[in-house]
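Chemist: Before I ask anything, let me first share the structure, which is written out below as structure tokens.
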Amino acid sequence: MKIESDVFFNHIQSFLQKSVTGAEGELNQMKSCDLFIYSLVDKGWDRFFGGQSTFEMDLDGGKTAFFIPNNKNSFESPKLIVYPDASVGIIIIPIEIKRDDNKRRKSSEAQEGVPAPTMDTLMTLNYRLHKMDNQAPTIRCQKPTGLKEEFKSYFFAKMNLFANLLGVDYDVDSEKPIAFQLSLLVERLLSMMHVNYIMTNKKRCHVFTYLHIDEDKDLTEDEQDNLLRISRCENEKYQIIRKNETIKQTFKNIYLIVSVEGGAMMTCGNADFFKSFKTDSLQQRYIWLYLLALIQRYSLINMSKVIGDIDDTNDKQKIVSLKRLRDLSDRLTRIKVNTYYSDISDYKQHNEFYRFCTEELGVVRLLSDMGQKMDDLDDCLKQKADKNSENIQLLLAIFVAFLTVFSGCNDGFEFFKNVFNISEGPNPLVLIVIYWFVFAILFTFTLCMILKKRHELWEIIKDIVCFWKDNH
């Protein structure tokens, strides 16, 4: 994986470059505030990803064939990006629509005679592909037809391997394809990492789409609406309300749309610059910035959930809750330091792109809400902690009062003993009754003077017990 040099500020360049270095095996130098990038094409998957393996999915009125690229050193292969500080990760599964049945073209090759996917096709594909619940489409891997005899055993063994990796039954001799859903593929790919995880959204996935057309043109209003539908994973049945600020143009022939459902970038023109745009500018600049904004969004959403789980009403847990909040505050600070920036480059188009992504993905609002929630919860827990400290001081005062009263009663006992010569009396029970009666009166009077309300004593004792349990 590459990051174009001299594009971002040095500290941002170093942060991203360290993630790439870690992906190449130097994980021992990584910290929890870094991005960890893992390839998901090992253990046999690499044999099934690439232009030779074709998947099909039914769309309205037809089928669309696509493949999962397997260029390990780029974003054009399945990846897992983990941000430990926020306990979030993003799994990337690239999909490229099949445009030439004979061979896989390189991105730098000319596009003459090979029609690009239409906006209608991408709109319908995204609408169906982003669903991961019971509305998720069935993806099929069809057995190749028309193979020469010497290639059949290889492809059939590969089909059988893919079925085993997915954990589905498959009969090599059958004409039926391997059928699965995207959620199953995600589950099986993540199983290689041997970690526990919870999907942020079990019903939908986030889709980013790149589209290029050779014609140098301005998009019509209908085309802008369709591009908006592509980014939102909506079909033509959705009546779009388009605002002027929704579509961003860093240049006249580069269109960008970002939403919480997905993003879309479209380039128009036949200049030489666009022949390598997907492999160079898109993957070495823009995708990295988009991922930074997306990771910020998911990090803040996850941290908001953690804050919601902190119980500020349970007196028994208030000390633990305060510690969790302080830890959360430290993690939020590291996230802001390492991934959140106002400007990321000396190039205006990159700053505009990054700021547009953070605004449309709600990062700015989430960050503001997170800070407010943490301040409010911190104040609430501090008040409870201060009350607990006051109660400890009161209990210490009671203990001192108890010792004082006890000492006073003992001196009183010696006084009565000497004055009335009570020790010579025949009944020592009288001494005990007098002694503890005087003690009880003095102790109760002193305690009421300290607390003013008798019921506060029980509350203080409960707080002290809770404090002891939380710290042992």
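The values are calculated or read from the model by the stated rules, or taken from the named source; none is laboratory data. Quick caveat, the model's predicted, so the values are computed rather than measured. Every residue, glycine among them, receives a Cβ derived from its backbone with ideal geometry; neighbour counts consider all protein chains shown. Heavy atoms of the whole protein, side chains included, go into the accessibility calculation; ligands, DNA and RNA do not. Shrake-Rupley method; radii C 1.70, N 1.55, O 1.52, S 1.80 Å.
Chemist: When residues of region 156-173 are filtered for being within 15 Å of residue 43 (Cβ to Cβ) and touching a helix residue (DSSP H, G or I) at 6+ places or on another chain (Cβ under 7 Å), how many remain?
Modeler: So the answer is 5.
Chemist: Name the pairs whose Cβ atoms lie under 7 Å apart, with the first residue in region 333-351 and over 19 Å from residue 3 (Cβ atoms), the second among the small types (Gly, Ala, Ser) and not in a loop (DSSP other than H, G, I, E, B), and 6 or more positions between them or separate chains?
Modeler: Pairs that qualify, where the first residue is over 19 Å from residue 3 (Cβ atoms) and the partner is among the small types (Gly, Ala, Ser) and not in a loop (DSSP other than H, G, I, E, B), are 335/86; 335/299.
Chemist: How many residues, within region 337-358, are at pLDDT 90 or above and closer than 19 Å to residue 206 by Cβ?
Modeler: Residues meeting the conditions: 5.
Chemist: Mind telling me which of the residues 176, 217 ends up being free of Cβ contacts under 8 Å to residues at least 60 places away in the same chain, closer than 20 Å to residue 54 by Cβ and surrounded by fewer than 18 Cβ atoms within 10 Å (Cβ to Cβ)?
Modeler: 176
Chemist: Of the conditions (1) assigned to a helix (DSSP H, G or I); (2) touching a residue at least 40 places away in the same chain (Cβ under 8 Å), residue 184 clears all except one; give me its number.
Modeler: Of the numbered conditions (1) assigned to a helix (DSSP H, G or I); (2) touching a residue at least 40 places away in the same chain (Cβ under 8 Å), the odd one out for residue 184 is (2).
Chemist: Taking strands (runs of 3 or more DSSP E) that fall entirely within region 1-72, which contain at least 3 residues that are hydrophobic (A, V, I, L, M, F, W, C) and modelled with pLDDT of 75 or more?
Modeler: Passing ranges, in order: 55-59, 62-67.
Chemist: Specify which of the listed residues (248, 278) is at pLDDT 85 or above, over 22 Å from residue 118 (Cβ atoms) and crowded, with 17+ Cβ neighbours inside 10 Å.
Modeler: Only one candidate qualifies: 248.
Chemist: Can residue 261 be described as open to solvent by 20 Å² or more (accessible area, probe 1.4 Å) and in contact with a Cys (Cβ under 7 Å, 6 or more places away or on another chain)?
Modeler: So residue 261 passes the test.
Chemist: Let me ask another. Return the pair list, or none, for Cβ contacts closer than 7 Å from residues in region 82-106 that are at pLDDT below 50 and small (Gly, Ala, Ser) to residues that are assigned to a loop (DSSP other than H, G, I, E, B) and open to solvent by less than 40 Å² (accessible area, probe 1.4 Å), at least 6 apart or on different chains.
Modeler: Qualifying pairs under 7 Å: none.
Chemist: Exactly one of (1) at pLDDT 70 or above; (2) in a loop (DSSP other than H, G, I, E, B); (3) open to solvent by 60 Å² or more (accessible area, probe 1.4 Å) is unmet by residue 120. Its number?
Modeler: Only one criterion is unmet by residue 120, namely (2).
Chemist: Just wondering, is there one or more residues in region 305-322 that are at pLDDT 80 or above and surrounded by fewer than 18 Cβ atoms within 10 Å (Cβ to Cβ)?
Modeler: yes
Chemist: If you scan region 146-171, which residues turn out to be assigned to a loop (DSSP other than H, G, I, E, B) and surrounded by 12 or more Cβ atoms within 10 Å (Cβ to Cβ)?
Modeler: 147, 168, 170
Chemist: Take region 226-261 and flag every residue that is assigned to a loop (DSSP other than H, G, I, E, B), in contact with an Asp or Glu (Cβ under 7 Å, 6 or more places away or on another chain) and at negative phi.
Modeler: 240, 242, 253, 259 - these are the residues of region 226-261 that are assigned to a loop (DSSP other than H, G, I, E, B), in contact with an Asp or Glu (Cβ under 7 Å, 6 or more places away or on another chain) and at negative phi.
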